[in-house]
Amino acid sequence: MASSSISSSFKLLFVSSLLFFFQYFIVSSKGQGLPPIVKGLSWTFFDSSCPKLQSIVRKRLEKVFKDDIGQAAGLLRLHFHDCFVQGCDGSVMLDGSAGGPSEKTAIPNKTLRKESFKIIEDLRERVHKECGRIVSCSDIAALAARDAVVLTGGPNYVVPLGRRDGLDFATETATIDNLVAPTANTTTLLTRLATKGFDATDVVALSGAHTIGISHCGSFTERLYPNQDSTMDQTFANNLKRSCPKADSNNTVNMDVRTPNIFDNKYYVDLLNSQGLFTSDQDLYTDQRTRGIVTSFGTDQKVFFDKFVIAMIKMGQLNVSTGGQGEIRAKCSVRNKNKLLVDVVEGLEKTLAAAF
């Protein structure tokens, strides 16, 4: 009898603990102001159908980054460039066709790392081998971007899943129009990103992705030649001139002068010290509308991490295709070959049904 009573008490305690945990998790999520999930996505989308999905991606990237930590920034940038153009649909991974050149060949995407595309394709092969063709390239890219952040020291966060891959790539004009150039000022950043639902805090937080990675000289030498940008620290400028002796130099430099391979808040410390690399970086501190946000992120890493997570979850849901939209590509760089045939057959069936 006593044993039964103890067992019942233990079960009650266990259940109560679980309830407390879930209540705490829900309250904490609301307290952080996490953005709502768009229809068709879910935090638990593959929990039953592909339970090893996230561990497959994480374990593989651990090995990739151990061999070359620079690939983390490449994967994070790939996700950004995919989402901002026509939504997180994997269209940036598509090769060109007779219909036109791909997004890859557009000027803003020419410096995307070729290895990033190979890594995503490798992950797709591993995931599809384990679970079948049920996970999209766009979902894999979103997970890879998250793990790029986590495995370089940044915040861990949940990624809503269920994206479908897009059927077409954007035009070069659309790609250029939707990716803000490094020469842009804060007004351009705020205006352009506001159309996608981002406020000033989101914009400054997303810019913090520049805390890892490298840049080609051509993205910032207009700040050095012919006249040096007055907002640039002199020692910093001198070091850049040594790496980029001419305006058209093809060398690369670290985007974060302090901790280039660690995802932290040192990017904002750079800005506080007039050591931001791009105009679009340093102007965030120069402009009074965003100066206070930069300062808060530079002095409190947790504040930056919390806001970065919110902004990334929002960005990862831009114009996503879900449900019966799009497709799950069998190869990330190519639209499924049978999709066009299916569309034609379905079209004929509808025509015949209407006729009879």
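The values are calculated or read from the model by the stated rules, or taken from the named source; none is laboratory data. Note that the structure is a prediction, hence the values are computed from the model and not measured. So basically every Cβ, Gly included, is an ideal-geometry build from the backbone, and we count neighbours across all protein chains shown. To get the accessible areas, we keep the full protein, side chains included, count just its heavy atoms, and leave off ligands, DNA and RNA. Shrake-Rupley method; radii C 1.70, N 1.55, O 1.52, S 1.80 Å.
Here is the figure for the range 140-186: residues that are under 30 Å from Asp229 (Cβ atoms) and not small (Gly, Ala, Ser) total 14. Taking the range 94-118 as the range and being under 12 Å from Ala170 (Cβ atoms), in contact (Cβ under 8 Å) with a residue 24 or more places away in the chain and assigned to a helix (DSSP H, G or I) as the test, the residues that pass are Glu103, Thr105, Pro108, Asn109.
Looking at Asp270, Asp281, Asp256 in this structure, which one is surrounded by 21 or more Cβ atoms within 10 Å (Cβ to Cβ), over 15 Å from Ala184 (Cβ atoms) and touching a His at 6+ places or on another chain (Cβ under 7 Å)? So that I can check it myself, show each step before the final result.
Values: Asp270 fails: touching a His at 6+ places or on another chain (Cβ under 7 Å); Asp281 fails: over 15 Å from Ala184 (Cβ atoms).
Unique residue meeting the criteria: Asp256.
Among the residues of the range 302-329, just one is in contact with a Cys (Cβ under 7 Å, 6 or more places away or on another chain) and charged (D, E, K, R), namely Arg329.
For the range 101-151, name all the residues that are among the charged types (D, E, K, R) and within 15 Å of the chain's Cα centre (by Cα). Don't jump to the end; show me each part of the working.
Taking the range 101-151 and keeping what is among the charged types (D, E, K, R), we get 103-104, 110, 113-115, 118, 121-122, 124-126, 129-130, 133, 139, 146-147.
Within the range 101-151, Arg113, Asp139, Arg146, Asp147 qualify.
Figure legend. Inter-residue proximity from the range 172-190: first residues open to solvent by less than 50 Å² (accessible area, probe 1.4 Å), second residues not in a helix (DSSP H, G or I), beta-carbon distance below 6 Å, spacing 6+ or different chains. Indicated pairs: Thr175/Ala106; Pro182/Phe278; Thr186/Asp287; Leu189/Val180.
The set of residues in the range 198-223 that are of a type in the set (D, E, K, R) and either more than 19 Å from Gly316 (Cα to Cα) or in a helix (DSSP H, G or I) (or both) comprises Asp202, Glu222, Arg223. In the set Glu125, Glu121, only one residue is closer than 17 Å to Val334 by Cα, part of a helix (DSSP H, G or I), open to solvent by 20 Å² or more (accessible area, probe 1.4 Å) and in contact (Cβ under 8 Å) with a residue 40 or more places away in the chain; that residue is Glu121.
Restricting the range 223-253 to residues that are among the charged types (D, E, K, R) and closer than 18 Å to Ala184 by Cα leaves a set whose member that is least open to solvent (accessible area, probe 1.4 Å) is Arg223.
Being surrounded by 24 or more Cβ atoms within 10 Å (Cβ to Cβ) and out of contact with any Leu (no Cβ under 6 Å at 6 or more places or on another chain) is the filter here; which residues of the range 294-307 pass it? Answer for the range 294-307, where residues must be surrounded by 24 or more Cβ atoms within 10 Å (Cβ to Cβ) and out of contact with any Leu (no Cβ under 6 Å at 6 or more places or on another chain): Phe297, Phe304.
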